[in-house]
Amino acid sequence: MSKVIVSPSILSADFANLERDIKKVETAGADWLHIDVMDGHFVPNITIGVPVVKSIKQIASNPLDVHLMIENPEKYIKPFAEAGADIITFHYEAAKDKVSEIIKLIKSYKVKAGLSIKPKTSPDEILDYLHELDMVLIMTVEPGFGGQKFMPDCAQKIPVIKKHAPENLIIQVDGGINSETAKVCTQYGANSLVAGNYIYKSEDIEKAILSLH
């Protein structure tokens, strides 16, 4: 998979004009839409839930890349799948003892399954699950807020995952992504990038998306 999948984070969009901002990135060449779901427990922030995802599904053309930064993710797989998620990623740290069970649950709804790790989690902890997954999401910032600075040490997890991953595994990176940090990640072997502020605050959104490929 040589093409880089660009997934703009709508966390950086104008929520009063969400449809406009979704269409803006889709027209500009985005591949997916990244939707950060935060519960105020697993991470300190609270964002959006199932009703908003359901509404987005009605107006979006791109696949919905739903990132669950929540406790007890297994309770919310069915509602988010039924709301229209095309990819559901949950955090290893929130479900260490039931990872395989949740992956199977996600796939039972014909949805792609992703597993994410926070900056302090070693990639070695999830190597046993790579063959069950469609995607691994490596956080290069502490999850919870947009606009944070890229942590280069976290990017060094990418080649570790790449070495042990099946050929079709998507390796996604989220946190502080811009044209420079994107190069670091793709050189290491990442093939999907999430970017929020870099895309949405850009004067030329199409150019910003293109610079991540």
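We did not get these values from a lab; they are worked out from the coordinates using the rules stated. As the structure is a prediction and not an experimental result, all values here were calculated from the model. Cβ sites come from the backbone with ideal geometry, for glycine too, and all protein chains shown count toward neighbours.
Quick check on this structure: which one of 162, 157 is over 22 Å from residue 25 (Cα atoms), basic (Lys, Arg) and surrounded by 23 or more Cβ atoms within 10 Å (Cβ to Cβ)?
Exactly one of 162, 157 is over 22 Å from residue 25 (Cα atoms), basic (Lys, Arg) and surrounded by 23 or more Cβ atoms within 10 Å (Cβ to Cβ), namely 157.
Here's the yes/no breakdown for (1) more than 16 Å from the chain's Cα centre (by Cα); (2) buried (at least 20 other Cβ atoms within 10 Å of the Cβ); (3) closer than 24 Å to residue 171 by Cβ:
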position: 9; (1), (2), (3): no, yes, yes
position: 14; (1), (2), (3): yes, no, no
position: 29; (1), (2), (3): yes, no, yes
position: 32; (1), (2), (3): no, yes, yes
position: 35; (1), (2), (3): no, yes, yes
position: 51; (1), (2), (3): yes, no, no
position: 69; (1), (2), (3): no, yes, yes
position: 77; (1), (2), (3): no, yes, yes
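Given the criterion touching a Lys or Arg at 6+ places or on another chain (Cβ under 6 Å), free of Cβ contacts under 8 Å to residues at least 40 places away in the same chain and not aromatic (Phe, Trp, Tyr), identify the matching residue among 83, 60, 16.
83
When the stretch 171-213 is examined, which residues are found to be closer than 21 Å to residue 143 by Cβ, touching a residue at least 40 places away in the same chain (Cβ under 8 Å) and surrounded by fewer than 21 Cβ atoms within 10 Å (Cβ to Cβ)?
Correct list: 191, 197, 200, 201.
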